[in-house]
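What follows draws every value from the coordinates through simple rules; no lab data is involved. Everything quoted here is computed from the prediction, not taken from an experiment. Positions of Cβ are backbone-derived with ideal geometry, glycine not excepted, and every protein chain shown enters the neighbour counts.
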Amino acid sequence: MALTERRILSLGELAEGAQARVHQVQGGHLFRERVATLGFTEGTPLRLLQNAGRGPVIVLIRGTRVALGRGEALKVLVAPGESGDEDPQQ
Amino acid sequence: MKTPNSEARTVTVALAGQPNVGKSTVFNLLTGLSQHVGNWPGKTIEQKVGMYHHQRNGELCAMRIVDLPGTYSLTANSLEEQIARDYIIKERPDAVAVIADAAALERNLYLLAEFLFLPVPLVLGLNMTDVAERQDIHISPRILEAALGVPVVPMVATKNQGVRELVEAVDRVIRGATAYVPSRPAIREDHRAVLEEIRALIAGQVPEPYPEEWVALKLLEGDGEVAHMMQERMREDWAPVCGVLTRHEDAFLAVASGRYEWIGRIARAAMTRPRTGQITLTDRLDRVATHPFWGLLVLLGMLGVVFWLTYSIAAPLQGLLDEYLVRAGRNWLHDALAGAPWWVVGALADGAIAGAGMVITFLPILIVFFAVLGLLEDVGYMARAAFVMDRFMHFIGLHGRSFLPLFLGFGCNVPAVLGTRIIDAPRARLLTILLAPLVPCTARMAVVAILAPVFFGGAAFWVSWGLVGLNLVVLAVLGVVLRRPVLGRESLVFVMEIPLYHRPNARTIGLAVWQRTLAFLKKAGGIILVFSVVVWALSALPAGEMDTSYLATIGRALAPLGAWMGLEWQMLVALLSSFVAKENTIATLAILYRAGGEESSLAGALAGAWTPAAGLAFLVVQMLFIPCAATAAVIRQETGSWAWTVFSVALLAAISLAAGVSIFQGATLFGLGG
């Protein structure tokens, strides 16, 4: 895989305020289709707005704030971005 | 309003859009009070239809506006999405106006990208352009229009800007005055061949009125409904299609990312936005409102305000209505029918008027609840409340969206059941409805407030809190137990858009309150009336005395069951009569213990007759007992099923009686029986 040199984390492990790109979404068809509809497709930049370490998280993706339950956040794998990365639009 | 031949020119326009894009504001502006609110045929999803009369060259043209459910896409994954796409394909409206949020253009264009494959002309209403401008997002409607091949109308619906222009654009598209040549997203290159393969396989086999291209795309997306339809149709020819589909199970990702790539290209051409993100008002507010600790405090504060409003506005109004309308009406009827047989007077004054009175006295509470709910929803706070409570709700098998409706139950179970409409998954909504009656409402707490001091004196306060706690424990346990059977395969997924905060719109909130109240009166009102006449008949017939009534006969017949709980037949009758309204418990006890209606004398009569163990058992049963008639009526209304309504009542009856028996037997063991 092209992304192996970068570390892959789940959204639940990403720090608050960090930027990343969607790597892969795990889980059932229904869940993956639902988040794909909201814009979680491979390579999409996002920023984690809220992650208290437990409970749900809030992600800014394609100009939209999306809340994901803890279980759902763990199924979204991301490649943490570097400082030069594009901002996921306000 | 209508010109003589206007019927011939009535066109139908469907209004589509994702949630939180101001679609209902547009719908309300166009249709106002001409709206008809009902359900989609055979579904429990709300359907709104209204009329708009459009001026063209001095002529009035009637437009029937159909508000489609708010959806993010058109898969078959939710009832709302199925309704929206079935409507377009089967009913073929003359045009669809897709409303989009300019501040989240890309995600909003996703829904449009799906509509482009359906056989209906589109107009894009680019709403909230003011919000986008404030965030330094600039969109050129011209370029967007050229790139999409769909007319684009910039709008600020909350300020009534652009709505007229939207209608004119729709009118032009319908008349064919503008050339309509939409562009369409292509599937990602690596899946183009597969799509062609499927198209070739299903060619000529797609039933009317489904567009072949759309069916091929939906099959590739793994759409269960379309697959089922094609399997039925193609029979033995289905196997090769099925083979292709299984080999490309993840094709939906290619379809979705193909759409987003297409959208990205268009957005880059038509939109400029700031390089780096700014801190918006929403970000600042959310630092507090969605914080794990401060967010809880904000939520508590909000709920405090809701209850303060209920008690300071609704409760006194309720009292006034009861005194000057309901009681006055009953007295007047008693006088007016002085010569009529006692049972006519009773059925009308104590049955029908009492029932109608209950419906009327419910209104202030409902209106306050609906208004506050509507306000919090419109401002965007509801999503934050769900977010903050999500981790706690998981303990009882539900997620954040179920919190608010359940909490409303402390005021009254009726708005709690009605409030479950904010839950997007139908099974999770059903589970919440089943749990809602276990939240102790104010009426039940009033009964406890009167009876607990009679049996427990100074300890009444602790007993009351214990009773509330017991209800919540039972609710949590029932949630865990029912989770699997009720939710079934519907997994509990918490994915929710957190909308931007915005200024509330009085018109939107006002109309929502008006419609919900009207719906309650229409649907629940009749059922409540019937229930109260029936319960009156049982409690008065045949002789007009409660002692000798059918209800008393039933109570006496149930006496052996009551004995297990230490309850006398009078107490059972009081419980049964609480079905009409929980407050009735006290009135019935007063009649049966001949206390003359005075609370103090009732206390005296009861203190002598009951042991503390029996008193405790009675209070426990009363708190857990079957929902009142009004709640049962809205359970029927919201589930659309008598079976679930009866299940709910039977379940609570069983739970309350089991709890009553265990509490009485337990308390007797601990020496409270004497």
Toward the positive end of the charge dipole of the range B:534-669, about the Cα centre and with charges on Cβ (Lys, Arg +1; Asp, Glu -1), which of B:Leu619, B:Leu657, B:Leu575 goes farthest? B:Leu657
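I need to check one value: relative contact order of the range B:188-275, counting alpha carbon pairs closer than 8 Å and at least 6 residues apart, in percent.
33 percent
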Residue-count net charge about B:Thr75 - beta-carbon cut-off 13 Å; Lys, Arg +1, Asp, Glu -1: -3
Using only the Cα atoms of the range B:272-403, each taken as one equal point scatterer with no solvent, compute I(q) by the Debye sum, divide by I(0), and report log10 of the ratio at q = 0.15 Å⁻¹. -0.84
Of chain B, which part is the longest with no chymotrypsin sites (Phe, Trp or Tyr not before Pro) in a loop (DSSP not H, G, I, E, B) and with at most 13 other C-beta atoms within 10 angstrom? B:294-669
Place +1 on the Cβ of every Lys and Arg and -1 on the Cβ of every Asp and Glu in the range B:245-358, take the dipole about the Cα centre, and give the residue among B:Thr280, B:Pro341, B:Val298 whose Cα lies farthest towards its positive end. B:Thr280
At what distance in angstrom do the alpha carbon centres of the range B:114-136 and the range B:373-407 lie from each other? 29 Å
Fraction of alpha-carbon pairs in the range B:189-272 farther than 18 Å apart, rounded to whole percent, equals 43 percent
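Calculate, in nm to one decimal, what B:Ala650 and B:Leu309 gain on full extension: separation in residues at 0.36 nm each, minus their alpha carbon distance. Walk me through the numbers before you get to the answer.
Details: separation 341, 0.36 × 341 = 122.76 nm, distance 3.39 nm.
Value of the extension gain: 119.4 nm.
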Out of the DSSP beta bridges found with both residues in chain B, what percent are antiparallel (nearest 5)? 45 percent
Hey, what number do you get for chain B at 222 nm if only DSSP H runs of n ≥ 4 count, each worth -39500 (n - 2.57), divided across all residues, to the nearest 500? -18000 deg cm²/dmol
14 Å beta-carbon shell around B:Lys523, net charge (K/R +1, D/E -1): +2
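To the nearest 20 Debye, how big is the dipole of the range B:70-205 about its Cα centre, given +1 on the beta carbon of each Lys and Arg and -1 on that of each Asp and Glu?
The dipole magnitude comes to about 280 debye.
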Within chain B, longest stretch clear of exposed GluC sites (Glu not before Pro) (DSSP loop, no more than 15 other Cβ within 10 Å): B:1-248
Under Karplus coefficients 6.51, -1.76 and 1.60, residue-wise ³J(HN,Hα) of the range B:185-200 in Hz, glycine/proline x: x, 9, 6, 4, 3, 5, 10, 4, 5, 4, 4, 4, 4, 5, 4, 5
If I model a spin label as a point 7 Å beyond the Cα along the Cα-Cβ vector, how far apart are those points for B:Leu297 and B:Glu583 in nm? 3.7 nm
Taking chain B on its own, what percent of its Cα-Cα pair distances exceed 31 Å? 61 percent
Once you have the Kirkwood Rh of the range B:47-175 from its Cα pairs, apply Stokes-Einstein at 10 °C and 1.306 mPa s and quote D in µm²/s. 103 µm²/s
Please determine, in degrees from 0 to 90 and to the nearest 10, the orientation of helix B:460-487 with respect to the longest principal axis defined by the Cα atoms of chain B, where the helix direction is its Cα long axis. 40 degrees
Given H placed on each backbone N at 1.01 Å, which residues far from B:Gly162 in sequence or on other chains put an amide H within less than 5 Å of it? B:Val156
Convex hull of the protein assembly as shown built on C-alpha atoms - directionally averaged projected area, nm²: 38.7 nm²
Overall Cα dimensions of the range B:168-237, principal axis frame, Å, largest first: 48, 29, 20
Quick one: compute the contact order of chain B, relative version, from alpha carbon pairs under 8 angstrom and 6+ residues apart, as a percent. 10 percent
At q = 0.17 Å⁻¹, what is the base-10 log of I(q)/I(0) for the range A:2-80 according to the Debye formula with one equal point scatterer per Cα and no solvent? Please give it to two decimals. -0.56
Work out, in µm²/s and without decimals, the Stokes-Einstein translational diffusion coefficient of the range B:616-662 at 20 °C, 1.002 mPa s, Rh from Kirkwood over C-alpha pairs. 196 µm²/s
Counted charge near B:Ser183, where neighbours are those whose Cβ lies closer than 12 Å (Asp, Glu -1; Lys, Arg +1): +1
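Please get the size of the charge dipole for chain B, origin at its Cα centre, with Cβ charges of +1 on Lys and Arg and -1 on Asp and Glu, quoted in debye to the nearest 20.
580 debye
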Relative contact order of the range B:534-669, pairs being alpha-carbon contacts under 8 Å that are 6 or more residues apart, as %: 22 percent
In whole Å, what is the distance between the alpha-carbon centres of the range B:203-270 and the range B:617-637? 48 Å
Other-chain or far-sequence residues with amide H under 5 Å of B:Arg56's (modelled H): B:Cys61
